[in-house]
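What follows is one structure encoded as structure tokens, with my remarks underneath.
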Amino acid sequence: MPATVVVTEQFEKLAKVIMRSQNVPESICVMVKGNPEFISAERLEGICDQVVEDVLVRLTREHVK
């Protein structure tokens, strides 16, 4: 089943530890710069536009651990 992990930079280390513990390849992970809790809705939309292509690539590419 295609999957991706989208995580903000504040949780990068935690995400990597969890992915390793679940034997999930790190190549499915997309890192988002900044903290969405403290930015405007307009800026958040811009960030989403920036990462959507990375998410699509990870959903359509085969990943090997």
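Computed from the coordinates by the stated procedures, all read-outs in this text should not be read as laboratory data. Just so it is clear, the model here is predicted, and its values are computed rather than measured. Positions of Cβ are generated from backbone atoms using ideal geometry, with glycine treated the same way; all protein chains shown enter the neighbour counts.
Of all residues in the stretch 3-24, which are closer than 14 Å to Arg58 by Cα and either over 12 Å from the mean Cα position of the chain (by Cα) or outside any loop (DSSP other than H, G, I, E, B) (or both)? Give the derivation first.
Within the stretch 3-24, the subset closer than 14 Å to Arg58 by Cα is 3-7, 24.
Matches in the stretch 3-24: Val5, Val6, Val7, Val24.
Of all residues in the stretch 35-55, which are of a type outside the set (A, V, I, L, M, F, W, C), free of Cβ contacts under 8 Å to residues at least 24 places away in the same chain, over 23 Å from Met1 (Cα atoms) and assigned to a helix (DSSP H, G or I)? Steps first, answer last, please.
Applying the first criterion (of a type outside the set (A, V, I, L, M, F, W, C)) to the stretch 35-55 yields 35-37, 40, 42-43, 45-46, 49-50, 53-54.
When the remaining residues are screened for being free of Cβ contacts under 8 Å to residues at least 24 places away in the same chain, the result is 37, 40, 42-43, 45-46, 49-50, 53.
Remaining after also requiring over 23 Å from Met1 (Cα atoms): 37, 40, 42-43, 45-46, 49-50.
The answer is Glu37, Glu42, Arg43, Glu45, Gly46, Asp49, Gln50.
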Pairs, first within 23 Å of Leu44 (Cβ to Cβ) in the stretch 10-34, second surrounded by fewer than 14 Cβ atoms within 10 Å (Cβ to Cβ) and of a type in the set (Asp, Glu), C-beta under 8 Å, six or more apart
Met31/Glu9; Met31/Glu12; Val32/Glu9; Lys33/Glu9; Gly34/Glu9
Inspect the stretch 29-44 for any residue being surrounded by 15 or more Cβ atoms within 10 Å (Cβ to Cβ), over 12 Å from the mean Cα position of the chain (by Cα) and of a type outside the set (Ser, Thr, Tyr) and give the result as yes or no.
no
